[in-house]
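Okay, so here's the structure we're looking at.
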């Protein structure tokens, strides 16, 4: 059914003059990334070096630090925080902080009552100054996505799971958003130009969803939830879901089965919006997809089965690099973070060594582009599920 993108062609005619994710402004002000930092030059990072003291293989000149470990109080400049870092850290994102610095939020893929979202606040020098919870008492919070209005959408990856809108700054209480549907949520991306959200579903026969709010963004209290149908020409049409809350009315009809024509994807994972494109991953067939929302044309950017010497497998969370490439985290595989360019060429950026039973989660860059955050979800002992959250920074250019 799918037609992979040629390595010698770009996705669409409109993008032939630059990379797929050429920067110039985005959800988290990607245009503010400093070109002085080497993350902006992903083609020139070079080979990974031997593991450092934290068990990370990094490009030459890069440095790592552990900023949080599950069940341990987070260490800050003022001593240990009252907040113990959550178990099974998963999806994450960075937000600018008022007065300088930034905040990294991280989901907890633990189950009731231990799910939720934690946050780490950093000063402009990249030091932790505070740690706190922004959501608690939820179930299996896997990935999610940031919004242009500086909130975090945390997704429950369980049957009839919901999406919660969270305040990264810890001021306002989290709000449940039932209109975004009850299903096995994975991640969400916002298209601010057309005022719509796209959501993935982590099922072997999951769907791709689109949500259009009744009253425009940022009001997510009501709207129309639709599911994607892909025809033989790779054209996507959107079909309305009868009931976004099937546990209330259509008890025996899961959301993904309400529309028989819905196209099934093999385990929807991370998703990201940039420059009129929705980029998402499916883990059971190791593919990275690109949907042009202006034409509703769907293509495959990367397919491990059709890639010679494929270095990327177990595709999961993803985000955009300051270079404009896509950064994909591996669930298993070689425990690497891999960048993909516009032709689907991959390059390892980081590798976690000695934690083969874990997965890499929550990649996100600080607003200035200097620091990269991510977690090893289960750490060195998969049974204990004690995740480790890292900060990696590039040398000054």
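Calculate the radius of gyration of the Cα atoms of segment 165-265 to one decimal place, then report Dmax, the largest Cα-Cα distance, as a whole number, both in Å.
Values for segment 165-265 (Cα only, Rg and Dmax): 14.1, 48 Å.
Taking the alpha-carbon centroid of each part, what is the distance from segment 231-246 to segment 342-386 in angstrom?
33 Å
How much length, in nm to one decimal, is gained on full extension between residue 297 and residue 309, taken as 0.36 nm per residue of separation minus their Cα-Cα distance? Let's see the in-between values first.
Numbers: separation 12, 0.36 × 12 = 4.32 nm, distance 2.78 nm.
Net length gain for the segment: 1.5 nm.
Sorted by average packing, counted as other Cβ atoms within 10 angstrom per residue and highest first, what order do 355-362, 307-314, 101-108 take? Please list the in-between numbers first.
On the way: 355-362: 22.1, 307-314: 14.6, 101-108: 26.9.
In descending order of packing, they fall as 101-108, 355-362, 307-314.
Place a point 7 Å from Cα of residue 136 in the direction of its Cβ. Which residues in segment 50-78 have their backbone N less than 16 Å from it?
Hits in segment 50-78 for residue 136 at 16 Å: 71-74.
When the expected Rg is taken as 2.2 N^0.38 Å, what fraction or multiple of it is the alpha-carbon Rg of segment 28-393?
My calculation over the Cα atoms of segment 28-393 gives 0.92.
In whole Å, what is the distance between the alpha-carbon centres of segment 286-321 and segment 158-212?
21 Å
Please work out the ratio of the alpha-carbon Rg of segment 314-376 to 2.2 N^0.38 Å and round it to two decimals.
On the way: Rg = 11.2 Å, N = 63, 2.2 N^0.38 = 10.6 Å.
Against the empirical 2.2 N^0.38 Å value, I get 1.05 for segment 314-376.
Compute the distance in nm between two label points, each set 7 Å from the Cα along the Cα-to-Cβ direction, one at residue 150 and one at residue 112.
3.4 nm
We did not get these values from a lab; they are worked out from the coordinates using the rules stated. Here the structure is a predicted model, which means the values were calculated and not measured. Virtual Cβ from ideal backbone geometry, glycine too; neighbours counted across all protein chains shown.
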